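Reviewing the structure listed below.
The values are calculated or read from the model by the stated rules, or taken from the named source; none is laboratory data. A quick note: this is a predicted structure, and the numbers were derived from the prediction, not measured. Virtual Cβ from ideal backbone geometry, glycine too; neighbours counted across all protein chains shown. The protein model used for the area step is the full one, side chains on, heavy atoms only, and it has no ligands, DNA or RNA in it. Shrake-Rupley method; radii C 1.70, N 1.55, O 1.52, S 1.80 Å.
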Amino acid sequence: MTTQSGVLIRRARVEDAEAFAAVMSHPQVLGGLLQLPFGDAAEWHARLTDVLKPGDPRLLLVAEVDGTVVGNAGLQQQPGIPLRRRHAMGMGMAVAPTHWRRGVGNALMSGLIEWADNWAGVLRIELNVFTDNAGAIALYQRHGFEVEGTLRAYALRDGRYADVLTMARLHPDPPRIG
């Protein structure tokens, strides 16, 4: 899927490992994620190999601009999720700072939602976002996510405990028969 802003959205491939490592370890990106520093291409190669196994229920997308991967986003269920929570998936996203506010996050979010709503039967998409990440919060709200609460001292970030908002989006028109 190519968007009006020239962003190509596609499924991730194992060959994207180096691009994942570059985006996810960028100092401006890392502070907004729950990833640890010093991730490398070998680690991402192993993770992508695991996620991209046939039949794996996770979705992992990348955003390309002019042939370069500039972002990624995914949906997954937590391991060992109880049957009663199979309607929900967690979401994560990262965009290279060179492409912030250029439609990349919007394109990734649109791809995830289209898949979740129309193909995967996902009723609820959940995410956590650091309270100081105003750009991401605004993006999520534009796509129907609502703040459900604040988790205080949720994660250690740069030597300090930081708060996150927990947000969720419910399918606006859940599937039904006929």
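A few comments on the model shown:
- Point-charge dipole on Cβ atoms (K/R +1, D/E -1) for the chain, about Cα centre, debye to 20: 480
- Comparing GLN141, TYR154, ILE125 along the charge dipole axis of the range 112-165, the residue lying farthest to the positive side is TYR154, per the Cβ-charge model.
- The chain - percent relative contact order, Cα under 8 Å, separation 6 or more: 18
- The gain in end-to-end length when the TYR161 to ASN128 segment is fully stretched comes to 10.4 nm, 0.36 nm per residue minus the alpha carbon separation.
- Only protein atoms count toward the accessible area here, which uses a 1.4 Å probe; on the range 26-178, the carbon and sulfur part of that area reaches 54 percent.
- Judged by the mean number of other Cβ atoms found within 10 Å, the most tightly packed of the peptides 20-27, 128-135 leads the ranking 20-27, 128-135.
- Placing +1 on each Lys and Arg Cβ and -1 on each Asp and Glu Cβ, with no other charges, gives the range 1-55 a dipole about its Cα centre of roughly 260 debye.
- Rolling a 1.4 Å probe across all protein chains gives MET1 an accessible area of roughly 110 Å².
- Computed label-point distance, nm, for sites ARG47 and SER5 using a 7 Å Cα→Cβ extension: 2.2
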